[in-house]
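Remarks on the structure that follows.
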2 protein chains.
Amino acid sequence: MDQYYFIQAMKETSPGSATIPVLCGMWLKNLMPCWYLLNIDIMEESLPFGNESFSDSKHLNYLTSEQALADFAVLIEYLKTTIAGARYSPVIAIGGSYGGMLAAWFRMKYPHMVVGALAASAPIWQFGDLVPCGTYFSIVTNDFRKSGTGCAESIRNSWNAINNLSVTDAGLQWLSKAFLLCSPLRSSQDAVLLKNWLSETWVNLAMVNYPYKADFLQPLPAWPIQEVCKFLKDPSLPDKLLLQNVFQAVNLYYNYSGGVSCLDMSETATKSLGQMGWYYQACTEMVMPMCTDGVNDMFEPQKWDFDALSEECYRLWNVRPRPSWILSMYGGKNISSHSNIVFSNGGLDPWSAGGVTQNISDSLIAIVIPDGAHHLDLRSRNPLDPKSVQQARALEICYMKQWN
Amino acid sequence: MDQYYFIQAMKETSPGSATIPVLCGMWLKNLMPCWYLLNIDIMEESLPFGNESFSDSKHLNYLTSEQALADFAVLIEYLKTTIAGARYSPVIAIGGSYGGMLAAWFRMKYPHMVVGALAASAPIWQFGDLVPCGTYFSIVTNDFRKSGTGCAESIRNSWNAINNLSVTDAGLQWLSKAFLLCSPLRSSQDAVLLKNWLSETWVNLAMVNYPYKADFLQPLPAWPIQEVCKFLKDPSLPDKLLLQNVFQAVNLYYNYSGGVSCLDMSETATKSLGQMGWYYQACTEMVMPMCTDGVNDMFEPQKWDFDALSEECYRLWNVRPRPSWILSMYGGKNISSHSNIVFSNGGLDPWSAGGVTQNISDSLIAIVIPDGAHHLDLRSRNPLDPKSVQQARALEICYMKQWN
């Protein structure tokens, strides 16, 4: 058998695509007989126009999934001619999250280039009306519900507590101090930003609720939601006491390593994930409807509001989103004519709401990892890995070996 | 069974793609139980920037096969929502020539949108080094060889006859008169243009060598090469007599309807095929290597010269061709993971040189029509149709019925 080559499509958030190498690591190393594991990551060098890349729509125009796939095609051809022995070796695309979508889509659009794809936590159906818009946040809520008595309920009650305090200047001042904010809240409008920031924090915790210490978005302890929930046991506390507990919880997320002197609401994740690129894509083709109802989830009710998104996109980038394009381009749920794709999803991961969680055919396979958060299966092996992720990896490799 | 809808991808030679309707006609009408046969043709209205469409590379940038496919995707979605009953009807892509390539590629890239494709005379392999560059012209030559004794040989000898005459002014004058040229030849360089124009004429005759009167590129009699060859029986004639016969032959092509007062070397086909668009595409992604050797064909020997093409493209459009891109994009010969495509090719058609003429799998089917010229099978039925094309159409429909 020829060697296998893996092209790992990681989060692609710069216009155009990706340079490469970060070879040969990760969990596959000891499990298959080969390797070049090419981690196509978002690196600064992959900005096709350098500092100009985000400057205007002329440059941003290249930041599309189609362009990323075309770049992978050219990259693979280049690698096949430059790496000794690679010419006739089968290639497998691997990716997580948006990278997982790219991996799946790459197999769909360029099946002559890769024998198959592993699409981990790839929400390829979080578009149009393919899935209910509320499932995503109800999964987040379930994660908190299961991680401690009173936990989800405390968060649900926190919104009103903030609303109550934010009507007075004294209340806003108190909130600013209690949450150790770098920039104090000056209006009830700022309190909306506080709530959004908290919501994103809970969502991010659900994504990185890994069984061991990790630092994917932030440095965090094992099962971080359980840790956070230790502060959130009593949902019936008076507003200020409740919110002091909420602060303890988010402080664990933002300040687990210590040494942070104030919390900055403008940052929810590390900058390295290229938020700006992602927001631009969300304003063009990656339109993912999301909503909350406050009943099936612990968030304030918010309908999916496409028009508001569209206005915001126009204001920020001078573009209008095109919500049906991804469906036209990649087929929505009608993908059964493709082959050799494994879709893995974590049961704890809110993105599984838009993922493929049932087999579509003999070679379009869904693997669910009940104890897994966001693409846990793509992370390095760890002694604390649950059985379910170990089995998922073994199964993924079993399928890969059938591709050639 | 739901109705079928056919999207016919005709020659796409304007930037962006195609408007439509020209419904329900052609040979399928009496053979399958339905239809909307949507003839996506090159119409003036399909120019996305009107008269500006060809003005500069900014506008021409949209003239790519990928953009044409994306346009078809959007068009199909639109038609499905606007034609009563179309929503859940299967769609089949049909096309000839470049349109045939688009039909095949559309099934490859958007299999969720069409249940299959009929790619007639689609030279999807006339790229890179997938096929020998000389086969195209040797097929043309065979057509003439088979159509009359001395015919191909007369043409082969005509080049030297022209060369001999074009060294003197008197010779150039004689040539200009003998060929009834609208603009007289002024130099031996002009004589090269004369030879190129004659070559293109022979090639075009091979493409439209239909068994009945037709006017695809020009109004022509049945089996026009046989008619032409009636003038070209004696290859051993002296230069002037030989060339007078050659004139009779090309005059049949350009002046079959009569009434043409002079022949214009700047036109080989009708303008409606959008030559300009095609030349631009040949200068970007549609790079098709061609060559002649004067031994296996009746033309003057000419190697494939990519550098010359590249220079010419740079001069004309300020672009450089990218010869490997079509292979990267559409897989070259490595297309076995796709399904439900019938490739039909005419044995008389030079484009069959780059076509798929052998089955690739149970659902990637090659049909060869020995007596067929360029996509004869897509033309209206005719009493003079050879058996081979009748059988080919029956087989095409048989396969189509299996797609759903």
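What does the copy distance list look like for A:GLU312, label position 7 Å along Cα→Cβ, in nm and ordered from shortest?
Ordered by increasing distance: 5.3 nm.
So who's got an amide H within less than 5 Å of the one on A:GLY116, skipping anything under 5 residues away but keeping other chains? H placed 1.01 Å off N, in plane.
Counting only residues 5 or more places away or on other chains, the set is A:ALA93.
Tell me which residues come under 5 Å, amide H to amide H, from A:ALA366 once H is placed; ignore anything under 5 positions away on its chain.
Counting only residues 5 or more places away or on other chains, the set is A:PHE343, A:ASN359, A:ILE360.
Pull out a ≥ b ≥ c, the square roots of the eigenvalues of the alpha-carbon gyration tensor of the protein assembly as shown, then state rounded if a/c is under 1.5, prolate if not and a/b is larger than b/c, and oblate in the remaining case.
Note, shape of the protein assembly as shown comes out prolate.
Taking the axis that carries chain A onto chain B, what is the nearest Cβ in chain A, and at how many Å, to the whole number?
Looking at chain A's Cβ atoms against the axis toward B, the nearest is A:LYS109, 3.
What's the FRET efficiency of A:ASP56 with B:ALA222 using the Cβ-Cβ distance as r and R₀ = 56 Å, to the nearest 0.05? Spell out each step's value before the answer.
Numbers: r = 59 Å, r/R0 = 1.06.
Efficiency, rounded to the nearest 0.05: 0.40.
Be a star and scan region A:101-138 for residues whose amide nitrogen sits under 16 Å from the point 7 Å along the Cα-to-Cβ vector of A:GLN402.
What the label zone holds, given the 16 Å backbone N cut-off, is A:115-119.
Can you tell which of A:ALA68, A:ALA214, A:ALA104 shows the greatest fluctuation in a Gaussian network model of chain A with Cα springs below 10 Å?
Top of the fluctuation ranking is A:ALA214.
Mind checking region A:203-249 for trypsin sites (Lys or Arg not before Pro) that DSSP puts in a loop (not H, G, I, E or B) and that have at most 15 other Cβ atoms within 10 Å?
The qualifying sites are A:LYS213, A:LYS230, A:LYS233.
Residue separation times 0.36 nm, minus the C-alpha to C-alpha distance between A:PHE49 and A:SER257: what's the value?
Separation in residues times 0.36 nm, less the Cα-Cα distance, equals 71.3 nm.
Of the beta bridges DSSP finds with both residues in region B:284-372, what % are antiparallel, to the nearest 5? The partial results should precede the final answer.
Working: 2 of 8 bridges.
Given both bridge residues lie in region B:284-372, the antiparallel proportion sits at roughly 25 percent.
Give me the distance in nm between label points sitting 7 Å out from Cα along the Cα-to-Cβ direction at A:VAL295 and B:ARG87, one decimal.
2.7 nm
For A:ARG393, A:ARG186, A:ARG320, give the ranking by accessible area with the largest first, probe 1.4 Å.
A:ARG186, A:ARG320, A:ARG393
Given the Cα atoms of region B:205-259, and with Rh set as the inverse mean 1/r over their pairs in the Kirkwood sense, what is Rg to Rh to two decimals?
Expressed as Rg/Rh, it is 1.01.
Between copies, how close do the B:SER266 label points come, placed 7 Å along Cα→Cβ, listed in nm from shortest?
6.0
With each run of n ≥ 4 DSSP H residues scored as -39500 (n - 2.57), what mean residue ellipticity at 222 nm is computed for chain B after dividing by its residue count and rounding to the nearest 500 deg cm²/dmol?
-12000 deg cm²/dmol
Provide Rg and Dmax in Å for chain B, with only Cα atoms included in the calculation.
21.7, 71
Which trypsin sites (Lys or Arg not before Pro) does region B:50-152 hold that lie in a coil by DSSP with at most 11 other beta carbons within 10 Å?
Those that pass, being in a loop and sparsely packed, are B:ARG87.
5 Å is the cut-off here: which amide hydrogens, built 1.01 Å from N in the peptide plane, fall below it relative to A:LEU263, excluding neighbours closer than 5 in sequence?
Result for A:LEU263 returns A:LEU181, A:CYS182.
Counting DSSP beta bridges with both partners in the protein assembly as shown, what percentage is antiparallel, nearest 5?
On the way: 5 of 57 bridges.
Given both bridge residues lie in the protein assembly as shown, the antiparallel proportion sits at roughly 10 percent.
If R₀ is 25 angstrom, what is the calculated FRET efficiency for the pair B:LEU316 and B:GLU200, using the beta carbon separation as r and rounding to 0.05? Could the numbers behind the result be given before it?
On the way: r = 18 Å, r/R0 = 0.70.
It comes out at approximately 0.90.
What are the label-to-label distances in nm, one decimal and shortest first, from B:PRO132 to the same spot in the other copies, with labels 7 Å along Cα to Cβ?
Nearest to farthest, the other copies are at 6.5 nm.
For region A:293-301, just list the computed ³J(HN,Hα) in residue order, Karplus coefficients 6.51, -1.76 and 1.60, θ = phi - 60°, integers in Hz, with x standing in for Gly and Pro.
10, x, 10, 7, 9, 9, 9, 5, x
Greater than 31 Å separation of Cα atoms is the criterion. Which listed pairs, A:LYS303/B:LYS109; A:LYS109/A:LYS303; A:LYS80/A:LYS333; B:LYS80/B:LYS401, meet it?
Beyond 31 Å: A:LYS303/B:LYS109; A:LYS109/A:LYS303; A:LYS80/A:LYS333.
Roughly what would the spin-label model give for A:GLN391 and B:LYS333, points 7 Å off Cα along C-beta, in nm?
Between A:GLN391 and B:LYS333, the simple spin-label model gives 4.5 nm.
Per residue, how big is the convex hull around the C-alpha atoms of region B:121-196? Give it to me in cubic angstrom, could you? Could the numbers behind the result be given before it?
Working: hull volume 11.0 nm³, N = 76.
Residue-normalised Cα hull volume stands at 145 Å³.
Can you tell which of A:ALA394, A:ALA249, A:ALA103 shows the greatest fluctuation in a Gaussian network model of chain A with Cα springs below 10 Å?
Greatest mean-square fluctuation among the candidates belongs to A:ALA394.
Taking the alpha-carbon distance from A:LYS213 and a cut-off under 28 Å, which lysines remain once sequence neighbours fewer than 8 residues away in the same chain are dropped?
Straight-distance partners of A:LYS213: A:LYS11, A:LYS29, A:LYS146, A:LYS195, A:LYS230, A:LYS233, A:LYS271, A:LYS387.
Ratio of region A:355-404's C-alpha Rg to 2.2 N^0.38 Å, to two decimals?
In units of the globular-protein estimate, region A:355-404 measures up at 1.18.
The values are calculated or read from the model by the stated rules, or taken from the named source; none is laboratory data. Since the structure is predicted, the reported quantities are computational estimates derived from the model, not experimental observations. With ideal geometry, Cβ positions are generated from the backbone for all residues, glycine too; neighbour counts draw on all protein chains shown. Side chains are part of the model used for accessible areas, which takes the heavy atoms of the whole protein and leaves out ligands, DNA and RNA. Shrake-Rupley method; radii C 1.70, N 1.55, O 1.52, S 1.80 Å.
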